[in-house]
Structure formats: C-alpha cells, structure tokens
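K.L.:
Got a structure for you, written out below as structure tokens; questions coming shortly.
What follows draws every value from the coordinates through simple rules; no lab data is involved. What you are looking at is a predicted structure, and each value in this text was computed from that prediction instead of being measured. Positions of Cβ are backbone-derived with ideal geometry, glycine not excepted, and every protein chain shown enters the neighbour counts.
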Amino acid sequence: MNNSVGNAGRLLRAGLRALLVLTLVTGVLHPLAVTGIAQVAFNHKANGSEIKSEGTVVGSELIGQTYDLPLEDGDETAAPDLKWFQPRPSNGLGSNSVNTQYSIILSGATNRSGDNEDLIQWVKDAKAAVVEDNSTAGHKVKPEDVPAEAVTSSGSGLDPHISPEYAELQVHRVAERNGLTVAQVDKLVTDHTDGRILGFIGEPRVNVLQLNIALKQLVNKG
C-alpha cells in the first residue's frame, strides 16, 4: 500500500514537473522566440502589413476597403464616392472615408452558383453601374471593356487589389472628379501597378488603398 502511494506520488510530481517545463518552453519561450525573430526579420509583415498615410495607420495592404459616400436616410447601402478608385464589389469590405476609418464587418463569398438568377442580375446591375459611373463627357466606357473583377467579388470578399485594366477604366472619371489631367492619373496607376511575383507567378495588380493614398497626396499638392 505504501509503495503504491509512493509510486503515485512520484508519478504525480514527475507529471507536474513535465507540465511546468513544457508550459515554459512551448507557452513562453517558443512564442517569445518566434515573435522576436518575426519582429526583427519580418517586421512589416509581422505587424499586419500596415499602410500609413501622413503618419497614421489607415489599413493593411492585405485587406480591401470601400470608398463610399455617407449613408443617406432610408438607404440600405451607401453610394460609392466616385472621386476615388473603387475596389471589387463585396459585402465583406469595411467602410472607409478617405482612409481614416477601418472596420471589417464580415468576410466571405456569395456561395451562389454561376447560373443563380440573383447572381446573374447582380452582375448585370454592377456592369451597368460601372459603365455609367466611369463614363465622362469625353470618354464613353463600353460594356465589353468592363473586366470580370469589376462586377464580381473575390472568394474572401476582402481582395485589396484590382487589375490594371480596371484601374485604367476608372482613370477618366477619377481625373474629372478631382480636377486632374488624365495623364496625371494614368501615371499614378502605372506607378502603383505591381508585376507578377518573381516575374511569372500570378497577374499584375494594383493595390487600391495605396493608389488612393497617392491620389489624395496628388490632389493636396494641387
């Protein structure tokens, strides 16, 4: 009986020591080491790939934002603020007013099939809106020029990028709304177009938040 109690006591003490050691190693030392290495070697990514404007964090280069007018009384959805470049349509993007707010509401795709009647109508309505919003007195957007991502959301609903084609489609409207020349805005798009990763992975893309920050800076200079 005494031997059994003694053995149980030794096993309990050994188990407690193992628990304390493993807690210290895996719960304290390892996280501190990983965090320290990440802060030193990958500081920008480890802190959320933050984007700053005028010294203030305005978002992340990994998560998209919307650029809408204030919600009017009686309206369920806010109208886009057409002086800014617009991202892909998505219910998952948080509201943003000239890069001063950042509030993610939800994330996800529509989960509707390609032949779903509601989805087809959404795409048609979005395409008509893109054509109307981006046509100016001297520049008419053709329906066939509207790229797919201008009328469809990404799988996550949080895509921060658009294609250079969609950015170019918005150039005339953005220039007109901000009192800039088409050449000035077109150069902004060119300067903020990222090529394929390692030259062959993915597609060229434009980060909408970074592009709008540059647009704001250009407008303020004027």
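K.L.:
With n ≥ 4 as the cut-off for DSSP H runs, can you work out [θ] at 222 nm for the chain, using -39500 (n - 2.57) per run divided by the number of residues, rounded to the nearest 500?
P.N.:
For the chain, the value works out to -13000 deg cm²/dmol.
K.L.:
While we're looking at this one, here's another question. For the pair Ala137/Glu165, report the inter-label distance in nm, with labels modelled 7 Å from Cα in the Cβ direction.
P.N.:
Output for this residue pair reads 3.1 nm.
K.L.:
Need the full-extension length gain, Thr190 to Ser49, defined as separation in residues times 0.36 nm minus the C-alpha distance. One decimal, nm.
P.N.:
Gain on extension, Thr190 to Ser49, equals 48.6 nm.
K.L.:
Mind sorting Glu144, Glu176 by how few other Cβ atoms lie within 10 Å of their own Cβ, fewest first?
P.N.:
Final ranking by Cβ density, sparse to dense: Glu144, Glu176.
K.L.:
Give me the distance in nm between label points sitting 7 Å out from Cα along the Cα-to-Cβ direction at Arg112 and Glu61, one decimal.
P.N.:
For Arg112 paired with Glu61, the spin-label model returns 3.4 nm.
K.L.:
To make sure I understand, if each residue's beta carbon is the centre and we count other beta carbons within 10 Å, what order do Val58, Val40 fall in, fewest to most?
P.N.:
Fewest-to-most ranking of Val58, Val40: Val40, Val58.
K.L.:
Cross-link partners among lysines for Lys127, C-alpha distance below 26 Å, same-chain residues fewer than 8 apart left out?
P.N.:
Lys83, Lys140, Lys142, Lys187
K.L.:
What distance in nm separates the simple spin-label points at Arg17 and Ile197, each placed 7 Å from Cα in the Cβ direction?
P.N.:
4.7
K.L.:
On to the next question. Top mean-square fluctuation among Asn212, Asn116, Asn134, Gaussian network model of the chain, C-alpha springs under 10 Å?
P.N.:
Evaluated over the chain, the most mobile residue of the options is Asn116.
K.L.:
Also: Of Tyr67, Tyr166, how do they rank once you tally other Cβ atoms within 10 Å and put the fewest first?
P.N.:
Starting with the residue having the fewest Cβ neighbours, the order is Tyr67, Tyr166.
K.L.:
Hey, with R₀ at 41 Å, roughly what FRET efficiency would Ala8 and Val28 work out to, going by the Cβ-Cβ distance, to 0.05?
P.N.:
Plugging the Cβ-Cβ distance into 1/(1 + (r/R0)^6) gives 0.90.
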